[in-house]
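The block underneath contains the structure these notes are about, expressed in structure tokens.
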Amino acid sequence: MIKYYRNQETAIMAGKPKLHYFNGRGRMECIRWLLAAAGVEFEEKFIEQPEDLDKLRNDGSLMFQQVPMVEIDGMKLVQTRAILNYIATKYNLYGKDMKERALIDMYSEGVEDLGEMIMHLPLCPPDQKDAKIAQIKERTTNRYFPAFEKVLKNHGQDYLVGNKLSKADIHLVELLYYVEELDPSLLANFPLLKGLKARVSSLPAVKKFLQPGSQRKPPMDEKNLEEAKRIFRIK
């Protein structure tokens, strides 16, 4: 009991993680997912004007002059993978040993490869969009989904690594939602991935994050895209 109160006091003193990014998915969304799945409440300080980003740069908050940036445990962390790895380690979502962490990293990188293609789709010129969507669908059904389906089939366990929830499962389920937004039929022939999606989505912390009104961000639309371009001064 004493240990519980000490941990509670430490958590209060440390405060909630604070996320600095624009009000959209981008490279912060996987961080939101991971914190939410870990049951960690977080605050968001939205970058709404180019001057907000300039201020973070000028006051030395951004080591490499770019976001996302997360204030956590007295640090101002940048670089998405570094942030994710810290959160996963802190909340026991990063395996039990070096071999498990290597597998988690490998699977997470695969998720990132396909996720990057989907994330960049709104930036694709209109005359190239159909070809890009066709490429994403082909990679989804012939490369990435079969690989993850095989992992789950070969070991017959509920999760990708060590039969325990890890950041790889959370990243993959996030990706499955994005793919379904693009084309729901793409998941139809992958029953084990559908099972993983249902399993992770039913976890209380994730279920809460998936409800309307949560800090989960909607798909990028034209308005959101123009807002991001304005803030980050993208031509």
Checked pairs for region 20-41, first over 25 Å from G60 (Cβ atoms) and surrounded by fewer than 19 Cβ atoms within 10 Å (Cβ to Cβ), second at pLDDT 95 or above and aliphatic (A, V, I, L, M), C-beta under 6 Å and 6 or more apart or across chains, list as G39/A205
On the basis of being in contact (Cβ under 8 Å) with a residue 60 or more places away in the chain and out of contact with any Gly (no Cβ under 9 Å at 6 or more places or on another chain), does P122 make the cut?
yes
Test: residue in region 48-60 that is touching a Cys at 6+ places or on another chain (Cβ under 8 Å), within 21 Å of Q215 (Cα to Cα) and touching a residue at least 40 places away in the same chain (Cβ under 8 Å):
no
Please enumerate the residues belonging to region 71-85 that are open to solvent by 70 Å² or more (accessible area, probe 1.4 Å) and under 16 Å from E109 (Cα atoms).
Q79, R81
For P68, work out the one condition from (1) without any contact (Cβ under 8 Å) to a residue 60 or more places away in the chain; (2) open to solvent by less than 20 Å² (accessible area, probe 1.4 Å); (3) within 27 Å of K194 (Cβ to Cβ) it doesn't fulfil.
(3)
Please go through region 175-201 and pick out each residue that is within 19 Å of K150 (Cα to Cα), open to solvent by less than 60 Å² (accessible area, probe 1.4 Å) and not aliphatic (A, V, I, L, M).
F190, G195, K197
Please tell me if S185 is of a type in the set (G, A, S) and in a loop (DSSP other than H, G, I, E, B).
no
If we keep only residues of region 158-186 that are β-branched (V, I, T) and under 16 Å from the mean Cα position of the chain (by Cα), then the residue farthest from I87 (Cα to Cα) is V179
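One line per residue, one yes/no per condition, for (1) more than 30 Å from R139 (Cβ to Cβ); (2) in contact with a Gly (Cβ under 9 Å, 6 or more places away or on another chain); (3) among the polar types (S, T, N, Q):
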| site | (1), (2), (3) |
| --- | --- |
| P17 | yes, no, no |
| N23 | no, no, yes |
| E29 | no, no, no |
| L53 | yes, no, no |
| G60 | yes, no, no |
| N92 | yes, no, yes |
Those residues of region 42-51 which are of a type outside the set (K, R) and either open to solvent by 60 Å² or more (accessible area, probe 1.4 Å) or within 30 Å of L172 (Cβ to Cβ) (or both) amount to F42, E43, E44, F46, I47, E48, Q49, E51
Tell me the residue from F22, F42 that is farther than 30 Å from A198 by Cβ and either at pLDDT 95 or above or basic (K, R) (or both), please.
F22
Could you give me the residue pairs with C-beta distances under 6 Å whose first residue belongs to region 88-106 and is modelled with pLDDT of 95 or more, whose second residue is of a type in the set (V, I, T) wherever it lies, and which are 6+ apart or on separate chains?
G95/I104; G95/V161; E100/V161; L103/V161; I104/V161
Test D113 against the stated conditions and say whether it is over 21 Å from A37 (Cα atoms), of a type outside the set (K, R), within 18 Å of the chain's Cα centre (by Cα) and open to solvent by 70 Å² or more (accessible area, probe 1.4 Å).
yes
P219: open to solvent by 40 Å² or more (accessible area, probe 1.4 Å) and either within 23 Å of H20 (Cβ to Cβ) or polar (S, T, N, Q) (or both), yes or no?
yes
I'd like to check something: does region 220-227 contain any residue that is of a type in the set (A, V, I, L, M, F, W, C), closer than 14 Å to D158 by Cβ and either assigned to a helix (DSSP H, G or I) or touching a Gly at 6+ places or on another chain (Cβ under 8 Å) (or both)?
no
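The values are calculated or read from the model by the stated rules, or taken from the named source; none is laboratory data. Computed from a prediction, not measured in an experiment: that's the story for all the values here. Virtual Cβ from ideal backbone geometry, glycine too; neighbours counted across all protein chains shown. Surface areas here come from the heavy atoms of the whole protein model, side chains and all, with no ligands, DNA or RNA. Shrake-Rupley method; radii C 1.70, N 1.55, O 1.52, S 1.80 Å.
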